[in-house]
Amino acid sequence: MNTQTFLISNKAVLAGILVMMLSFLFWSSNSEHKIWKNFYKWVPMLLLAYFLPSLLTLFDLADPIAGKKLYFVASRYFLPASLVLLTLSVDLREVLKLGPKALIMFLTGTVGVILGGPIAIFLTSMINPELVGGAGPEAVWRGFAAIAGSWIGGGANMTAMKEIFLPADSLFSTMIAIDVLVAEVWMMFLLLGVGKAKKIDKMLKADASNVLALQKKMQDFQQQTDRVASTTDLMIVLGLAFGVTAVSHAIADVVAPWVNTNYPDLSKFSLNSAFFWLIVCATTFGLILSFTKARYYEGAGASKIGTIFIYFLVATIGLHMDLMAIVENAGLFVVGCIWMLFHVLLLILMAFLIRAPYFFLAVGSKANIGGSASAPVVAAAFHPSLAPVGVLLAVLGYVLGTYGAWICAVLMQAVSP
């Protein structure tokens, strides 16, 4: 494809445009103007962070090759760096005091994805078998296998499912759009619920006192350490983030090939993926640093810088979203909605049964569906100090993602017409 076809082919120009889009979103979402306040009551900023960059692709303004290069930089450098900075201030002992309900809700979300896929295909096949049929690389279940990887773990797991089940490129492009749009519509409802969390907890008969206690403890820590960051502070924060990222890359480049050579069967757990080890190492080292004096750099804005990195990653993902694919494949979008509905209903049922607070429902869901890019954002919507809880559950999603998605794919293949 000739780069002259596109108005924006220089990746530096594209990066600048993405950052300007994000700066506008942050400015408008924090504006006191009545129009913006009412607008963001209904439209999550994160959804727009995906949507606005996708317009560059929709109207053929940006060269997709430049977009892929930016995504590589964001996912390999900014994402692990953000995970280090978001986990830097976490008080792991206090997080563990949240109890088993957080883990139960997360695992319920995982089961909802594993079972929801085949149920959605089965129900649709009873009405329109051709919609969810196909053979070879065009078989719809192969594309949905990639979504299962994304909805349980994240990008690494989605890529793993793509490599295992080999859906056609056109089908995979459609699945990216379904993945993002369905997940973000659900996220919109989750974020709307944050402002009504107390009412929802009453309906669920849930006790959120341990969540509030953790929030207060971490908020107190932030206030105690908060200061005007000096240039030295900021350089140290960046040094910690990218230094740990460098070490994590070095470890991943050794461990992943070793696993692939000596234990190839572990590939179904994504343990042969360098990206998997990169994310795990970055989060682990971030947790280790949280037990040292490095955690006091939270007061210099560590988590704020980490959040900026995550939003840039989200914008680069948005460049890959094919909105026209949804229009052309509206039926598959409906199947994705049925799938998500099952996931949601199962979470609500479990929350009623164990009286889990809304925080656990929301973060447990997004730790599956959104992974490390969305779970911290949802957790931070309750309070910025709670973002590390989302990070920790998202990492667990990476561990289970490929194996759970593989089970889901096998079940979808079994029920496909």
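Here, each number is a calculation from the coordinates, and none is a lab measurement. Remember, predicted model here, so these are calculated numbers, not experimental data. Reconstructed Cβ throughout: ideal geometry from the backbone, glycine too, with neighbour counts over all protein chains shown.
Using alpha carbons only, what's the Rg to Rh ratio of segment 1-118 with Rh from Kirkwood?
Details: Rg = 19.5 Å, Rh = 18.0 Å.
Checking Rg against Rh, the ratio lands at 1.08.
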Practice task
Mind giving me the FRET efficiency for residue 37 and residue 263? R0 is 60 Å, r the Cβ-Cβ distance, nearest 0.05 is fine.
Solution key: 0.65
Handout entry: Straight-distance crosslink candidates among lysines, where the alpha carbon sits under 19 Å from residue 304 and sequence neighbours closer than 8 are dropped
Key = 216, 217, 293
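Roughly how many debye, to the nearest 20, is the charge dipole of the chain about its Cα centre, given +1 on each Lys and Arg Cβ, -1 on each Asp and Glu Cβ, and no other charges?
Details: 26 positive and 21 negative charges, 262 e Å.
The calculated dipole for the chain is roughly 1260 debye.
Arrange 34, 68 by Cβ neighbour counts within 10 Å, fewest through most, would you?
34, 68
Work out the length of the dipole vector of segment 19-73 about its Cα centre, built from +1 on the beta-carbon of each Lys and Arg and -1 on the beta-carbon of each Asp and Glu, and round it to the nearest 20 debye.
Values: 5 positive and 3 negative charges, 39 e Å.
Approximately 180 debye in magnitude.
Sum up the charges of everything whose Cβ sits under 15 Å from the Cβ of residue 131, counting Lys and Arg as +1 and Asp and Glu as -1, but leave residue 131 out. The partial results should precede the final answer.
Values: positive: 142; negative: 130, 138, 328.
Result for the neighbourhood of residue 131: -2.
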Practice task
Sequence neighbours fewer than 8 away in the same chain don't count; with that in mind, list the aspartates and glutamates whose C-alpha is under 12 Å from residue 11.
Solution key: 63
